[in-house]
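Here is the structure we will look at, set down as structure tokens.
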Amino acid sequence: MTIKTWNIEEMTGYKPLTTFYEDFSIADKFGKEAVEDTFNRAFDEWKTDYKYLTELVMVMSWKSFEHETNPILCPLYCKLYDKADSYACKNLKGAEQEYYFRTTD
């Protein structure tokens, strides 16, 4: 199985801190349930780490565009993006919130 790599650093200069993109690229191959499970595990484990949460949101956004023609994965990634973004917007404060908005902008 070939695992896609995230070329965001080449495009934007942002250096990924996690393997979220690769984790979701693997989950993509196994379908909706695998993507949901991967998200739930990552979100539950890392939602209190503002940098990892930020990256999770970025990956959900990236994956929703990557799968824009997939009638199952695109809406799923959009839903997961909304969940993670909403959590970040409600819970991050001060410097953490600034980091989130600066990085995801």
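The values are calculated or read from the model by the stated rules, or taken from the named source; none is laboratory data. Note that the coordinates shown come from a computational prediction; the quantities given were computed from them, not determined experimentally. Ideal geometry is used to build each Cβ from the backbone, glycine not excepted, and the neighbour counts take in all protein chains shown. Please note that ligands, DNA and RNA were not included when accessible areas were found on the heavy atoms of the full protein model with its side chains. Shrake-Rupley method; radii C 1.70, N 1.55, O 1.52, S 1.80 Å.
Kindly identify the range 15-57 as rounded, prolate or oblate by the Cα gyration tensor criterion: order the square roots of the eigenvalues as a ≥ b ≥ c, call it rounded if a/c is under 1.5, otherwise compare a/b with b/c, prolate if a/b is larger, else oblate. Spell out each step's value before the answer.
Working: a/c = 3.24, a/b = 1.54, b/c = 2.09.
Oblate shape, in that a/c is at least 1.5 and b/c is the bigger or equal ratio.
Let me spell out the model: positive unit charges on the Cβ of Lys and Arg, negative unit charges on the Cβ of Asp and Glu, origin at the Cα centre of the chain. What dipole size does that give, in debye rounded to 20?
Taking the Cα centre of the chain as origin, the dipole is about 160 debye.
Rounded to the nearest percent, how much of the accessible area of the range 22-85 (1.4 Å probe, protein heavy atoms only) is carbon and sulfur?
Values: 1730 of 3390 Å².
Accessible surface attributable to carbon and sulfur in the range 22-85 totals 51 percent.
Using Cα atoms only, what is the angle between the long axis of helix 20-30 and the major principal axis of the chain, expressed in degrees (0 to 90) to the nearest 10?
30 degrees
Student exercise: in the range 20-86, how many lysine pairs 8 or more apart or on different chains have Cα atoms under 17 Å apart?
Qualifying lysine pairs in the range 20-86: 9.
Taking the Cα atoms only, what angle lies between the long axis of helix 94-104 and the longest principal axis of the chain, rounded to 10 degrees?
The angle comes out near 40 degrees.
Using DSSP to call loops (not H, G, I, E or B), can you name the trypsin sites (Lys or Arg not before Pro) in the range 53-101 whose Cβ has at most 15 other Cβ atoms within 10 angstrom?
Hits after loop and neighbour filter: 93.
Compute the accessible area per residue over the chain, keeping the other protein chains in place, probe 1.4 Å, unit Å². Numbers along the way, then the final one.
On the way: 6390 Å² over 105 residues.
Counting only protein heavy atoms, the per-residue value for the chain is 61 Å².
State, to one decimal in nm², a quarter of the convex hull surface area for the C-alpha atoms of the chain, i.e. the direction-averaged projected area.
6.4 nm²
Once you keep just the Cα pairs under 8 angstrom separated by 6 or more residues, what percentage relative contact order results for the chain?
Worked out over the chain, it gives 22 percent.
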